[in-house]
Amino acid sequence: MKDYINVAILVPVLSWAIAQLIKAVIYAIKYRTFNMERLFGSGGMPSSHSSTVCALVITIYRMEGLASPIFALSMVLAMITMYDATGIRRAAGMHAKQINRLRRIVDELDEEMLDKIDERIDDEEEDPEETVELKEFLGHTPLEVIFGALLGILIAVVFPTDYFIS
């Protein structure tokens, strides 16, 4: 049966699933409520993106060795993914948080003030009444990325070695 198992897919997917489960549990403990989105959504502790790509790197290393081109490819993919998680996606999440904050402030303004604001809004713009709350869980802090990476490495290291032997 192990001939049909692609461990280079299995181990990273397992690592992603465990990271997402941990993320949902941490959220449930912190906020005392279960949020289904935390099982599949991005952002939060630990980074499932980092966990997934680091599990892939270690799995490829164990299968192909340090000098293989596929190991190099997986390593570059991991570096780009983790950089993106702490850079661009984190900034986008911070922007979403501030935009949501401004939207809540606008929602609290009185009708007279809102009428003045409406006069200044271009008719071609999206109707503010139809806007949705932006997702704030997009990126990761460096600590979330580090813990995700460590989780992925750990899972790939403890996965039974007989699956890596051809």
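The values are calculated or read from the model by the stated rules, or taken from the named source; none is laboratory data. Just so you know, these numbers come straight off a predicted model, no measurement behind them. Here Cβ is always computed from backbone atoms with ideal geometry, including for glycine, and neighbour counts include all displayed protein chains.
Worth pointing out:
- If you go through segment 1-16 and keep only what is modelled with pLDDT of 95 or more and of a type in the set (Ser, Thr, Tyr), you end up with just Ser15.
- In the condition set (1) small (Gly, Ala, Ser); (2) surrounded by 10 or more Cβ atoms within 10 Å (Cβ to Cβ); (3) at pLDDT below 70, Ala92 is compliant with all but (3).
- Taken together, Ser74, Ser68, Ser50, Ser42 contain a single residue that is under 23 Å from Phe159 (Cα atoms), hydroxyl-bearing (Ser, Thr, Tyr) and within 12 Å of the chain's Cα centre (by Cα), which is Ser50.
- If the condition is being small (Gly, Ala, Ser) and touching a helix residue (DSSP H, G or I) at 6+ places or on another chain (Cβ under 8 Å), then segment 10-27 contributes Ser15, Ala19, Ala24.
- Flag if Ile70 is in contact with a helix residue (DSSP H, G or I) (Cβ under 6 Å, 6 or more places away or on another chain), surrounded by 12 or more Cβ atoms within 10 Å (Cβ to Cβ), part of a helix (DSSP H, G or I) and free of Cβ contacts under 8 Å to residues at least 12 places away in the same chain: yes
- Boolean, Phe159 is surrounded by 16 or more Cβ atoms within 10 Å (Cβ to Cβ), at pLDDT 85 or above and farther than 29 Å from Ile26 by Cβ: no
Listed here are the residues, each with its yes/no results for (1) assigned by TED's automatic domain parsing to the domain that holds Pro12; (2) at pLDDT 85 or above; (3) among the basic types (Lys, Arg); (4) closer than 30 Å to Ile18 by Cβ.
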| site | (1), (2), (3), (4) |
| --- | --- |
| Ser68 | yes, yes, no, yes |
| Phe71 | yes, yes, no, yes |
| Met79 | yes, yes, no, yes |
| Ala96 | no, no, no, yes |
| Leu114 | no, no, no, no |
| Asp118 | no, no, no, no |
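- Qualifying positions in segment 11-36 - without any contact (Cβ under 8 Å) to a residue 12 or more places away in the chain and surrounded by 11 or more Cβ atoms within 10 Å (Cβ to Cβ): Ala17, Val25, Ala28, Phe34, Asn35
- Pairs are defined by a Cβ separation below 8 Å, a sequence spacing of at least 6 or placement on different chains, a first member in segment 97-116 that is more than 29 Å from His140 (Cβ to Cβ), and a second member that is in a helix (DSSP H, G or I) and at pLDDT 70 or above; the pairs so defined are Leu114/Val106.
Rundown of residues vs (1) buried (at least 22 other Cβ atoms within 10 Å of the Cβ); (2) outside the structural domain of Ser15 (by TED's automatic domain parsing); (3) closer than 19 Å to Ala19 by Cα; (4) of a type in the set (Phe, Trp, Tyr), yes/no style:
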residue	(1), (2), (3), (4)
Gly41	no, no, yes, no
Ser48	yes, no, yes, no
Ile58	yes, no, yes, no
Ile99	no, yes, no, no
Arg104	no, yes, no, no
